[in-house]
Amino acid sequence: MTTHDLTATVDARNLSCPMPIVRTAQQMKTIASGQLIEVLATDPGSLKDFSAWTRSTGNTLVEQTQENGVFHFIIRRA
Amino acid sequence: MTAPTLSTPDEIFVPPTVATLMEAQAAPEVAQKQLVIINWSSEYDRIMPTLIMATTAAASGLTCSVFITFWGLLPFVKDQKRITGDNWMQKMLSAMQRPGIHHLKMSKMNFMGMGPWMIGQLSKQLNVSSPVELLEAAQMLGVEFIPCQMTMDMFGLKRDDMIEGLGEPAGAATVIELMTQPGTASLFI
């Protein structure tokens, strides 16, 4: 896993749909275009949801990893 | 009077034409996607998808409007309101069907409130958001809830009976206009 210059982290572990997306969208408003956000989630649906959400919003899913049942997304704001 | 001379073409100010101004203003509208939901029901198992789709649409950058009509108005009545309306029929309707987001029944397996209670317990165990939390999130994300004027009148509901932050009451023509805009998805829940 490469290290990224993260501006914010969203801890959405143990949250169910649609809260990981809702929290991320809210946090996204606080960062500038081009900055990176990190999201931690345990909802298995988030794997498909975060790639769909980045496609609808135009943000970029930079990295997506999984470790001990925790999904880890790095997203760049458009 | 002589016209000022300009050294490079870059300095020449070209006034924008009406067409280019209109294009600049119209461009974001074309790109804007929209979700319109008709929320007809006051049942827990329908309010949940309404609120989940609405919050997710708003979180995905879509404009989202939820037209709340008929039974669908009741979850948007203030929780502390018990009896609403002016005449005995309106009052009896609210007595038979308690309004408020905390008082949702289920369309099946209600069993005098046992069903919603069990779903509530399971939701807590599995960290599924409650309708109250989802409604808060929807309002924070800018989802517009438009009450139906006609059914508000029929139930005898006043603006003061309804929760804060709702849009102006409107009718079917308003919803049709929203639904027929390009880039719009519509749901009846």
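Read-outs: derived from the displayed coordinates by stated rules, not from any lab. All figures in this text were calculated on a predicted structure; none of them were measured in a lab. Methodologically, a virtual Cβ is constructed for each residue, glycine included, from the backbone with ideal geometry; neighbour enumeration extends over all protein chains shown.
Things worth noting here:
- The combined condition, being of a type in the set (S, T, N, Q) and closer than 24 Å to B:T69 by Cα, is fulfilled by B:S130.
- Verdict on A:T42 being free of Cβ contacts under 8 Å to residues at least 24 places away in the same chain, of a type outside the set (F, W, Y) and farther than 13 Å from B:T56 by Cβ: no
- Residues located in the stretch B:171-184, provided they are more than 22 Å from B:S42 (Cα to Cα) and among the small types (G, A, S): B:A173, B:G183
- Filtered residue count, the stretch B:137-159, keeping only those that are surrounded by fewer than 16 Cβ atoms within 10 Å (Cβ to Cβ) and within 14 Å of chain A (Cβ to nearest Cβ): 2
- Considering the stretch B:55-87, the residues that are among the aliphatic types (A, V, I, L, M) and within 18 Å of B:E168 (Cα to Cα) include one that is nearest to the other protein chains (Cβ to nearest Cβ), namely B:V66.
- Subset of the stretch A:1-26 that is surrounded by fewer than 19 Cβ atoms within 10 Å (Cβ to Cβ) and under 23 Å from B:V132 (Cβ atoms) - its residue that is farthest from the other protein chains (Cβ to nearest Cβ): A:D11
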